[in-house]
1. Can you report the number of residues in segment 232-261 which are hydrophobic (A, V, I, L, M, F, W, C) and either touching a Phe, Trp or Tyr at 6+ places or on another chain (Cβ under 6 Å) or modelled with pLDDT of 90 or more (or both)?
2. Would you check if there is a residue in segment 313-321 being touching a residue at least 12 places away in the same chain (Cβ under 8 Å) and not hydrophobic (A, V, I, L, M, F, W, C)?
3. Would you please name the residue that is modelled with the lowest pLDDT, looking only at residues in segment 395-430 that are over 20 Å from L352 (Cα atoms), assigned to a helix (DSSP H, G or I) and of a type outside the set (D, E, K, R)?
4. What about P188, is it over 31 Å from the mean Cα position of the chain (by Cα) and either of a type in the set (D, E) or assigned by the TED database to the domain that holds L144 (or both)?
5. Output the number of the condition that V377 fails; it satisfies all remaining conditions of (1) in contact with a Leu (Cβ under 7 Å, 6 or more places away or on another chain); (2) of a type outside the set (S, T, Y); (3) more than 22 Å from W429 (Cα to Cα).
6. Would a scan of segment 157-177 turn up a residue that is touching a residue at least 24 places away in the same chain (Cβ under 8 Å) and basic (K, R)?
7. Being at pLDDT below 90 and among the basic types (K, R) is the filter; apply it to segment 315-354 and report the residue that is surrounded by the fewest Cβ atoms within 10 Å (Cβ to Cβ).
8. Which condition from (1) more than 16 Å from I100 (Cβ to Cβ); (2) in the same structural domain as A142 (by the TED database); (3) modelled with pLDDT of 85 or more is the one that I160 breaks?
Amino acid sequence: MGNVGGRSKGCLTCRKRRVKCDETRPICLRCTKAGLSCEGPKGTVFIQATIVKSRRSQKPVATPKEPGTTNSDSTLVSLKKPQISIPDVRFRHQENEVYICYMRHHLLPNGPIDLSLQDLRASDIISPIPSTNAHSPIFAPAALTFATLFFGKKHHQPHILTQGYIHHSAALQHLHRALNNPASITTPDILVSVLTLATLESLVPTGPSTYSKHMRGLEQLLQLRDPASLGSCSQRTLALYKGVRHMILFEALRTRTPSVLARPEWKAVLRREACSLEDEMESVLHEVLADCTGLMGARDRMLASGRWGEVHRKAYDLLTCLTHWKERWDNDPRNTYDSFPSRSPEEAPPSLRIQYTFQSPSAARIFMFFNTALIHVLQLLSPTTTTDAIRGASLDIARAVPHYLQRKREAGETDFVSLVVHAAVWTAWKALGESEGRWLREVVDGDGFARGMWDEG
């Protein structure tokens, strides 16, 4: 409520006379004394007011102009928040690099293949098809083949698998050219390339018997090398030779052919670089397997010539060596193991309802390695007298597998199971009966076991 400036509440007559009205109601006394007509003073006026903000506190924004208007046509009439257009941003990456990183995540850290991957430059794998000119690394096409096929298979991507097979063809052509070059045939790069393709064939077979062909190629590459030259090689190169050792021996045992690693000079150079007691113990088992390849390859000839006694004597010497080895291994408290009932006894054959648990996957692996060597030595002796012992060693391998795989799953390392365990499972599977062998194969199904090795067995 309030007075409005310029409007008096006095009567209209007094206002016209420009005199002060006494505002007496119903008519003022001044008009009564003067004998003038009076309408009476006006009442109080109520005004509905709105508070208007200062223009300075407002931030006017030009209204968007309609098509065809000019700047003079637009007015500042509203406050509108400006609209910012955010582009669709995506991370840029190179597919080949993704495949290589995925491959490294599932490889043995600092193993022969992983170490070679660490030396690759981005330019070696950046192109859709790896370079295969004379100056490009021999290993790059093989690595990209492995990485692409492995990624495509794991993620069920047919178009990636197709690209991987294109890489595979280019890698084989590049490898064949390198094998015809005397300057590169003895380099570690070509050895690790064949190792990479062989490992690929064991996991993602590209053709029948291709794994065996690569393994025979590895054996021939070793035959071209002088073991004495390894005395001055780097630890990394020596680790590469140790990495291919078990693969070569296992293939020689399967094909019953003598291995170059059975030669004394190869045994000496690989034994000399054993860095720990565990390496030394494992080297003894490798030497036993190497001797088995030599005896198996010559066994038929010895039997035909009546020299069975010589085979028996050498096999018995190997058995004695393994007996002493086992006594020494059992004396280490880190190698103790316990027995426990199977988690699914109704699914396991009666002989496999008891399983073994070890303190570490490494101890379980060496235990299976020992029994693998024991089976091959026993097979050199009279088969009729060693049947029970062979079966016992095979059951020991089968009982150690479930807990070993469980520990590997807990560590997220089931894609690339140790080749020692591959060989142990395959050897036990061949020696066990139908129900036990079927159970063992079901246990390892889906845990990164080498399908190429199984299919060619």
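1. The first filter runs over segment 232-261 and keeps only residues hydrophobic (A, V, I, L, M, F, W, C), leaving 233, 238-240, 244, 247-250, 252-253, 260-261.
Narrowing further to those that are either touching a Phe, Trp or Tyr at 6+ places or on another chain (Cβ under 6 Å) or modelled with pLDDT of 90 or more (or both): 248-250, 252-253, 260-261.
Within segment 232-261, residues that are hydrophobic (A, V, I, L, M, F, W, C) and either touching a Phe, Trp or Tyr at 6+ places or on another chain (Cβ under 6 Å) or modelled with pLDDT of 90 or more (or both) number 7.
2. Yes: segment 313-321 contains one or more residues that are touching a residue at least 12 places away in the same chain (Cβ under 8 Å) and not hydrophobic (A, V, I, L, M, F, W, C).
3. Across segment 395-430, the extreme among qualifying residues is L419.
4. no
5. (3)
6. Among the residues of segment 157-177, at least one is touching a residue at least 24 places away in the same chain (Cβ under 8 Å) and basic (K, R), which makes the answer yes.
7. If we take residues in segment 315-354 being at pLDDT below 90 and among the basic types (K, R), then R343 is surrounded by the fewest Cβ atoms within 10 Å (Cβ to Cβ).
8. Against the list (1) more than 16 Å from I100 (Cβ to Cβ); (2) in the same structural domain as A142 (by the TED database); (3) modelled with pLDDT of 85 or more, I160 comes up short only on (1).
The values are calculated or read from the model by the stated rules, or taken from the named source; none is laboratory data. No experiment lies behind these values; they were computed from the predicted model shown. Neighbour counts are summed over all protein chains in view; Cβ atoms, including those assigned to glycine, are modelled from backbone coordinates with ideal geometry.
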